Amino acid sequence: MKSKLKLVTMNSSRVVVSAIAALIMFLFLTPKSEAAISCSDVLKDLRPCVNYLKSGSGKPPAACCSGASALASTATSTADKKTACGCIKTAAQKMNPNSQLAQALPTNCGITLPVPVSPNVDCSKIN
């Protein structure tokens, strides 16, 4: 009877270890499709740009470029870019930025933004 109990215990342990290994592999191999970035993250990064985009001139403030740079380094996946795009589009529709300043923002900050700052962008085309 002891040998049967020992065999069942060993088999149960193997099943548990196999299940845990399968779960770990699933978690590491499953692509993440959800955005890690949120609208509040995007808006926090770009908040220092609002006055500049509405009525500024010349170079953007350092805080604006710092926030835009943070956004550019954070929004790397397609899901993040699409989330950022939707947030920026909605904010741009509400604040009505100077389109020339908005378009030139990445260049003026010396960065590449993954999405345009525009109220008219088609976020479904962002990848």
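Things worth noting here:
- Inter-probe distance in nm under a simple model that places probes 7 Å from Cα toward Cβ, at Ala63 and Asn96: 2.5 nm
- Fraction of accessible area attributable to carbon and sulfur, region 46-96 (%, probe 1.4 Å): 50 percent
- Taking 7 Å steps out from each Cα toward its Cβ at Lys44 and Thr78 produces label points 2.8 nm apart.
- Virtual spin-label span in nm between Ala104 and Ser118, 7 Å along Cα→Cβ: 1.7 nm
- Residue pairs, from the table Lys44/Lys81; Lys59/Lys82; Lys44/Lys94; Lys59/Lys81; Lys94/Lys125; Lys81/Lys125, whose Cα atoms sit over 20 Å apart: Lys59/Lys82; Lys59/Lys81; Lys94/Lys125
- Environment charge of Leu53, counting only residues whose C-beta is closer than 15 Å and scoring Lys/Arg +1, Asp/Glu -1: +4
- For the listed peptides 41-51, 101-111, a ranking on the average number of other beta carbons within 10 Å per residue, highest first, reads 41-51, 101-111.
- Each Lys or Arg adds one and each Asp or Glu subtracts one; over the other residues with Cβ under 14 Å from the Cβ of Ile126, this totals +2.
- Charge tally in the Cβ shell below 14 Å around Ala63, where Lys, Arg are +1 and Asp, Glu are -1, Ala63 excluded: +2
The values are calculated or read from the model by the stated rules, or taken from the named source; none is laboratory data. Worth saying up front: this structure is predicted, and the values here are computed from it rather than measured. FYI the Cβ positions are ideal-geometry reconstructions off the backbone, even for glycines, and counts take in every protein chain you see. Note: accessible area is taken over every heavy atom of the protein model, side chains too, but ligands, DNA and RNA are not part of it. Shrake-Rupley method; radii C 1.70, N 1.55, O 1.52, S 1.80 Å.
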